[in-house]
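The values are calculated or read from the model by the stated rules, or taken from the named source; none is laboratory data. No experiment lies behind these values; they were computed from the predicted model shown. All Cβ positions, glycine included, derive from the backbone under ideal geometry; neighbour counts span all protein chains shown.
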Amino acid sequence: MERKKILLVEDEENERILYKEELEREGFIVICCENGSHAIKLIEKDDFDLLVLDIKMPQMDGIETLGKILTKKRNIPIIIYTAYPQYKEQFLTWAADEYIIKSADLTNLKEKVKSVLNKK
């Protein structure tokens, strides 16, 4: 079976490293970047099976990034993974396949990643 490729967009380096390691242990290929601008450039150059996107980031927040990505690659599944539950009510976040609140326990993230990729 072909390994699925995930683009992880997270500005906090320690979290980015942790999430990458955990998702790679699950058998995924994980490419990381630290902001929305970089994510858009990567998505224009390469194909990803899933995007895991933080909201609070410098330069371009996750909601703006989500909007720009959807205009370029409408079919890429997106999981918003954030510490901020209040953004779930913003209209544009409804376009994401999942909206998950960050937790020290990454079980929910890993389960949602598998679930979204199985639907694809």
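Of everything in segment 1-18, what is in contact with a strand residue (DSSP E or B) (Cβ under 6 Å, 6 or more places away or on another chain) and within 14 Å of Ala104 (Cα to Cα)? Give them in sequence order.
Taking segment 1-18 and keeping what is in contact with a strand residue (DSSP E or B) (Cβ under 6 Å, 6 or more places away or on another chain), we get 3, 5-9, 16.
Residue satisfying the conditions is Arg16 alone.
For segment 107-120, check the following and say yes or no: at least one residue is of a type outside the set (Val, Ile, Thr) and at pLDDT below 90.
The answer is yes, given that some residue of segment 107-120 is of a type outside the set (Val, Ile, Thr) and at pLDDT below 90.
In segment 1-25, how many are surrounded by fewer than 14 Cβ atoms within 10 Å (Cβ to Cβ) and either modelled with pLDDT of 95 or more or in contact with a helix residue (DSSP H, G or I) (Cβ under 6 Å, 6 or more places away or on another chain) (or both)?
The number of residues fulfilling the criteria is 6.
May I ask you to list the residues in segment 91-114 that are in a helix (DSSP H, G or I) and without any contact (Cβ under 8 Å) to a residue 12 or more places away in the chain?
Phe91, Trp94, Thr107, Asn108, Glu111
Could you check segment 45-57 and list, in sequence order, the residues that are over 22 Å from Glu2 (Cβ atoms) and either modelled with pLDDT under 85 or surrounded by fewer than 18 Cβ atoms within 10 Å (Cβ to Cβ) (or both)? First the steps, then the outcome.
Looking only at segment 45-57, we keep the residues that are over 22 Å from Glu2 (Cβ atoms), and these are 53-57.
Lys56 - this is the single residue of segment 45-57 that is over 22 Å from Glu2 (Cβ atoms) and either modelled with pLDDT under 85 or surrounded by fewer than 18 Cβ atoms within 10 Å (Cβ to Cβ) (or both).
Cβ-Cβ distance below 8 Å, separation of 6 or more or different chains: which pairs start in segment 1-27 with a residue that is over 19 Å from Ile40 (Cβ atoms) and end on one that is among the aromatic types (Phe, Trp, Tyr) and part of a loop (DSSP other than H, G, I, E, B)?
Qualifying pairs under 8 Å: Arg3/Phe28; Lys4/Phe28.
From the residues in segment 58-112 that are polar (S, T, N, Q) and within 14 Å of Val9 (Cα to Cα), which one is surrounded by the fewest Cβ atoms within 10 Å (Cβ to Cβ)? Can you show your working first?
Of the residues in segment 58-112, the ones polar (S, T, N, Q) are 59, 65, 71, 75, 82, 86, 90, 93, 103, 107-108.
Narrowing further to those that are within 14 Å of Val9 (Cα to Cα): 59, 65, 82.
Details: Gln59: 12, Thr65: 25, Thr82: 23.
Ranking the candidates gives Gln59 first.
Tell me, which strands (runs of 3 or more DSSP E) wholly within segment 1-90 include 1 or more residues that are touching a Pro at 6+ places or on another chain (Cβ under 8 Å)?
Because the criterion is at least 1 residues that are touching a Pro at 6+ places or on another chain (Cβ under 8 Å), the strands (runs of 3 or more DSSP E) in segment 1-90 that meet it are 50-53.
Do we have Lys72 as of a type in the set (Lys, Arg) and in contact with a helix residue (DSSP H, G or I) (Cβ under 7 Å, 6 or more places away or on another chain) here?
Against the criterion (of a type in the set (Lys, Arg) and in contact with a helix residue (DSSP H, G or I) (Cβ under 7 Å, 6 or more places away or on another chain)), Lys72 qualifies.
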